[in-house]
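The structure appears right after this line, and notes come after that.
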Amino acid sequence: MIEGIIGLIIWLIILGLIFWVLWWFLSYIGLPEPFNKVARVLLGLVVLIVLLYFLLGLLGTPPRLFK
């Protein structure tokens, strides 16, 4: 049980770092405003879905997204 939670925390930290780098890259390249907003919203939605997938895995078996 503890090993699973520690592994989950490590995965969440790694995914958080990847999200932060992608967010930084979007502001670094300086997209024009409508495209910048759309890209940030899409990135946020993807991260939210992945985060919910991992957190729902704490309840037992993870939900099946693609089956």
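The values are calculated or read from the model by the stated rules, or taken from the named source; none is laboratory data. A quick note: this is a predicted structure, and the numbers were derived from the prediction, not measured. Virtual Cβ from ideal backbone geometry, glycine too; neighbours counted across all protein chains shown.
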**Residue pairs meeting the criteria (Cβ under 6 Å; at least 6 apart or on separate chains; first of a type in the set (A, V, I, L, M, F, W, C) and modelled with pLDDT of 80 or more, in the range 40-67; second surrounded by 10 or more Cβ atoms within 10 Å (Cβ to Cβ) and in a helix (DSSP H, G or I))** = LEU43/LEU22; VAL47/PHE19
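Of everything in the range 18-33, what is assigned to a helix (DSSP H, G or I) and hydrophobic (A, V, I, L, M, F, W, C)? Give them in sequence order.
The answer is ILE18, PHE19, TRP20, VAL21, LEU22, TRP23, TRP24, PHE25, LEU26, ILE29.
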